[in-house]
Amino acid sequence: MGRPGILHPGNGVTSILSFPRSSAHSLRPLPMPSLGELVRNSQIWKSVFRHPAPLDRRNRIVVMLTNFFLHLHPVSVKKQGIALSYTWCMGGVTFFLFLVETVTGVLLMFYYRPTLEWAYADILALRDVASLGILRELHRWGAHAMVITVWLHMYRVFLTGSYKPPREFNWVVGVVLLLLTLLLSFTGYLLPWDQLAIWAITVGSNMARATPILGYEGPFQGVLNVDGIDMITQGSDARFGLLGARFVGEETLNRFYVLHCVAIPLAAALLIAIHFWRVRKDGGISAPL
Amino acid sequence: MAGQTSDFPAMHFPALLAAGGLIDQATFLSGVKGFLTIYYLGLAITNAVAAFLLWHHWHRPKAALVWTIVATVFGGILAPMAGSGDPYWTPRMPEAIVSFLNSWLSGQVGAIVYTIGSVVFLSVLYLGRDFFVRPMVAWTGLNLALLAMGLSMVNQNFWQVVSKGDNIPIVGLMFLLGFFTWLATYRAVINDKRIAEGLPPLEKLDDEKVLVWPDLVYTELVCMLALTAFLLVWGILIQAPLEQPASSVKTPNPSKAPWYFLGLQEMLVYFDPWMAGVVAPSLIIVGLMAIPYLDFNKKGMGYYTINERKFAYLNFQFGFLVLWVTLIVMGTVLRGPNWNFFGPFEPWDSHKVEALKNVDLSEYFWIGLLNRGLPKAPTGSGFFVELGYILLRESPGFILMGIYLFVVPPALAIGTTLFRNMYLKMGFLRYMLMTNLLLMMAILPIKMALRWSFNLKYIIHIDEWFLNF
């Protein structure tokens with residue numbers, strides 16, 4: 001099971017970066033350490049990874065407890081719970097796609113300016129001029145894929161009854177995350193500022209005009225009035241609040257940009273953290289009780 | 001190059017989309033022949049791998065032989081035929097099927113046939129699930145679907161719709177949903193048989209725990225690498241769509257919302273925006289959130305089963321597969337200019353006219369049934385008189401909706417054992433909440449049926465308050 005140098009660091013192996021421990025007591029010539037052993041026994045490596053490589057049971061447990069990225073997981077899980085044909089991995093895939101969207105999104109923000117003057121030109125330049133010319137493709141296809149994987153994740157959770165007690169609340173958090181995923185995609189749809197974008201958002205946001213009470217053309221729009229003067233007009237209704245204007249224009253572009261790049265991702269990140277936390281607290285990943 | 005439409009087909013046929021119409025079939029085929037050849041070769045390889053696994057791994061030589069033959073047909077016959085790029089040789093959908101689908105899946109009739117057809121299709125799959133989940137049957141179904149896909153893509157109208165950048169995910173979604181629904185049902189069928197025999201479900205057979213490192217973290221790593229590779233290939237092969245620069249004066253026809261909202265846009269045919277765009281989405285979100293608090297059934301947690309939770313299963317599948325997914329597919333593939341319904345192989349003609357005179361329930365009642373005019377307040381009457389007349393005019397709709405939402409649930413509880421047990425377990429409030437959510441979900445197909453059969457426009461029509469339902 002692995003080389004002794006990995007399992008028992010310092011056991012007869014010296015490194016130029018660490019103090020030789022046992023060599024003073026030994027008269028035997030030391031074997032030449034491999035480069036990997038040199039690296040793994042160096043002070044730098046050991047300062048990052050506080051324990052030997054996870055090759056034996058003890059260290060496989062320790063790695064899960066000490067590594068920041070791995071500590072989202074428990075130390076052990078039910079074998080049936082992680083069987084691919086049972087779990088489908090769609091929640092994890094969705095999270096990974098969220099990370100892909102974050103990274104490619106930040107890179108896209110280096111190039112893109114959300115103004116009427118530049119938005120479309122920047123998207124063209126991203127395709128024709130910028131190096132890594134598939135940045136926008138990765139972002140857009142990743143976004144479509146994320147919507148699909150969220151649905152598949154919920155589908156699996158429903159079909160295995162995994163929303164049942166004690167996991168009710170986490171299902172609710174998940175539904176909010178579904179909504180945020182759709183809103184992320186919807187707000188991002190406008191940013192290329194082409195015909196597809198502006199009209200899809202126009203069709204979508206026209207609905208807000210019909211919000212009951214709060215929409216200019218919604219049921220009971222006349223309820224909110226002061227001395228017979230309507231409070232809900234084209235310039236103050238729910239659609240105006242969403243678009244920042246009476247129609248999809250520069251204000252909308254700016255508003256959707258901020259929502260897409262800052263507000264919704266932050267909310268989603270917080271809820272993802274809660275979602276993962278509650279998976280652990282509510283009995284671990286789905287498996288039969 | 002500014003303004004050039006730049007999704008997948010445009011890479012090969014700028015002329016096709018620039019003109020917005022069709023091009024010479026031979027020119028079209030010379031553009032797609034490479035893709036189609038790879039497509040059929042891919043099917044051949046997939047079936048060859050399946051055959052190899054059947055022979056070597058599962059020791060089923062006869063089945064292996066069948067799929068070897070299928071692989072040979074795909075790779076040895078269809079692939080070279082498609083590769084010829086010749087209109088005569090390229091495998092295509094038989095003309096009879098094309099004209100059949102184009103006539104039955106078109107216009108008002110098309111919407112009816114498609115919706116009812118989807119429901120019947122899914123119901124048949126559900127009722128015959130013991131048969132359809134068998135791996136060989138499911139594999140045959142997959143092959144047929146992929147073959148139909150390949151044969152259809154030779155049609156330029158079909159190709160224009162499915163090869164649009166933002167529509168490719170929907171094609172993927174259909175196949176993914178098909179696969180995962182099969183997988184879940186496959187496991188559920190096995191579990192239901194086991195439970196009927198008094199055995200524990202598959203998932204409970206093995207209580208063993210494994211360490212996350214390496215059993216889970218390696219799966220995750222492989223998933224991440226595979227997904228990254230997949231996204232890179234997808235990104236390299238297919239350009240993200242970019243149309244003409246935004247213009248608030250040039251309205252495209254059809255104007256479509258992003259694909260995941262097309263089910264809601266489809267609702268606009270039957271409901272006003274306040275319902276389709278505001279109330280229905282809110283109810284969907286609230287209804288989804290309410291599921292764990294309404295489903296009191298303790299069985300079926302942590303394993304796939306249908307029989308142990310039929311009510312929850314069927315309602316969810318009706319909402320998800322029928323009302324959400326099939327309407328998205330319909331909105332994407334079959335809704336064209338002026339939101340008219342077009343067959344999968346029918347050209348999108350923006351001059352196609354479908355005039356329909358839709359009638360309100362109040363008109364049916366006052367004019368049709370009682371043979372008198374709609375009640376109307378005398379001009380100059382006060383607010384309350386006006387209100388009274390409006391309520392009187394729409395009273396048939398209000399009474400009907402009142403019965404639907406507040407009389408049907410108690411009647412169900414009294415009349416059926418299923419609902420009575422629910423009522424006894426849930427209590428009044430939870431029971432009414434659940435039934436009302438389900439009834440609101442059912443209002444969409446009911447309104448569809450009423451529109452198709454009676455041209456019913458609104459059940460409640462109060463233009464004065466923008467309250468049309």
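The values are calculated or read from the model by the stated rules, or taken from the named source; none is laboratory data. Computed from a predicted structure; not experimentally measured. Because the Cβ atoms are built from the backbone with ideal geometry, glycine has one as well, and the counts that use them run over all protein chains shown. Surface accessibility is based on the protein's heavy atoms, side chains included, excluding ligands, DNA and RNA. Shrake-Rupley method; radii C 1.70, N 1.55, O 1.52, S 1.80 Å.
Annotation note: Cβ proximity below 9 Å between a residue of segment A:177-193 that is in contact (Cβ under 8 Å) with a residue 60 or more places away in the chain and a residue that is basic (K, R) and surrounded by fewer than 21 Cβ atoms within 10 Å (Cβ to Cβ) (sequence gap 6+ or interchain) occurs for A:T187/A:R255. Residues of segment A:49-60 that are open to solvent by 50 Å² or more (accessible area, probe 1.4 Å), modelled with pLDDT of 90 or more and out of contact with any helix residue (DSSP H, G or I) (no Cβ under 7 Å at 6 or more places or on another chain): A:R57, A:R58. Filter segment B:222-245 down to residues that are open to solvent by less than 30 Å² (accessible area, probe 1.4 Å) and aliphatic (A, V, I, L, M), then give me how many there are. Residues in segment B:222-245 being open to solvent by less than 30 Å² (accessible area, probe 1.4 Å) and aliphatic (A, V, I, L, M): 4 in total.
Is it the case that segment A:114-135 has a residue that's under 27 Å from B:G300 (Cα atoms), among the hydrophobic types (A, V, I, L, M, F, W, C) and either within 19 Å of the chain's Cα centre (by Cα) or crowded, with 22+ Cβ neighbours inside 10 Å (or both)? No, there is no match, as no residue in segment A:114-135 is under 27 Å from B:G300 (Cα atoms), among the hydrophobic types (A, V, I, L, M, F, W, C) and either within 19 Å of the chain's Cα centre (by Cα) or crowded, with 22+ Cβ neighbours inside 10 Å (or both). Mind checking whether some residue in segment B:363-374 is under 33 Å from the mean Cα position of the chain (by Cα) and of a type outside the set (S, T, N, Q)? Yes.
Here is the figure for segment B:413-449: residues that are of a type in the set (A, V, I, L, M, F, W, C) and over 30 Å from B:Y114 (Cβ atoms) total 11. Among the residues of this structure, B:T181 does not count as one that is at pLDDT 95 or above, in a helix (DSSP H, G or I), more than 7 Å from every other protein chain (Cβ to nearest Cβ) and touching a Lys or Arg at 6+ places or on another chain (Cβ under 6 Å).
Within segment B:280-303, restricting attention to residues that are facing chain A (nearest Cβ under 7 Å) and of a type in the set (A, V, I, L, M), the residue that is farthest from A:G215 (Cα to Cα) is B:M301. Segment A:184-289 holds helices (runs of 4 or more DSSP H) entirely within its bounds, and those carrying 3 or more residues that are under 30 Å from B:L387 (Cβ atoms) map to A:238-243. Could you list, in sequence order, the residues of segment A:203-213 that are more than 7 Å from chain B (Cβ to nearest Cβ) and surrounded by fewer than 21 Cβ atoms within 10 Å (Cβ to Cβ)? Residue satisfying the conditions is A:I213 alone. Scanning segment B:422-448 for residues that are open to solvent by 50 Å² or more (accessible area, probe 1.4 Å) and more than 18 Å from B:F271 (Cβ to Cβ) returns B:Y423, B:L424, B:K425, B:F428, B:L429, B:R430, B:L433.
For B:S103, are the conditions met, namely being polar (S, T, N, Q) and closer than 30 Å to B:N191 by Cβ? The answer is no for B:S103.
Only one of the numbered conditions (1) touching a residue at least 12 places away in the same chain (Cβ under 8 Å); (2) facing chain B (nearest Cβ under 7 Å) is not met by A:T149, and that is (2). Give me the residue from segment B:200-221 that is open to solvent by 60 Å² or more (accessible area, probe 1.4 Å) and of a type in the set (A, V, I, L, M) and, out of that set, farthest from A:W88 (Cα to Cα). So the residue we want is B:L205.
Please tell me if B:V249 is surrounded by fewer than 17 Cβ atoms within 10 Å (Cβ to Cβ) and under 19 Å from the mean Cα position of the chain (by Cα). So B:V249 fails the test. For B:L262, the conditions (1) open to solvent by 10 Å² or more (accessible area, probe 1.4 Å); (2) in contact (Cβ under 8 Å) with a residue 40 or more places away in the chain; (3) more than 7 Å from every other protein chain (Cβ to nearest Cβ) are fulfilled apart from (1). All of (1) surrounded by fewer than 17 Cβ atoms within 10 Å (Cβ to Cβ); (2) in a helix (DSSP H, G or I) hold for B:H59 with one exception: (2). Of the listed requirements (1) within 13 Å of chain A (Cβ to nearest Cβ); (2) open to solvent by less than 20 Å² (accessible area, probe 1.4 Å), B:P337 misses just one: (1). Of the residues in segment B:95-109, at least one is assigned to a helix (DSSP H, G or I), open to solvent by less than 60 Å² (accessible area, probe 1.4 Å) and touching a strand residue (DSSP E or B) at 6+ places or on another chain (Cβ under 6 Å). One residue stands out in segment B:184-227 among those that are outside any helix (DSSP H, G or I) and more than 10 Å from chain A (Cβ to nearest Cβ): the one that is nearest to A:P54 (Cα to Cα), namely B:L199. One residue stands out among those in segment A:218-254 that are in contact with a Phe, Trp or Tyr (Cβ under 9 Å, 6 or more places away or on another chain), open to solvent by 70 Å² or more (accessible area, probe 1.4 Å) and in contact (Cβ under 8 Å) with a residue 12 or more places away in the chain: the one that is farthest from the other protein chains (Cβ to nearest Cβ), which is A:Q234.
Cβ-Cβ under 6 Å, sequence separation 6+ or interchain: first residue in segment B:134-156 and touching a residue at least 40 places away in the same chain (Cβ under 8 Å), partner exposed (fewer than 13 other Cβ atoms within 10 Å of the Cβ). Which pairs? From segment B:134-156, no pairs qualify.
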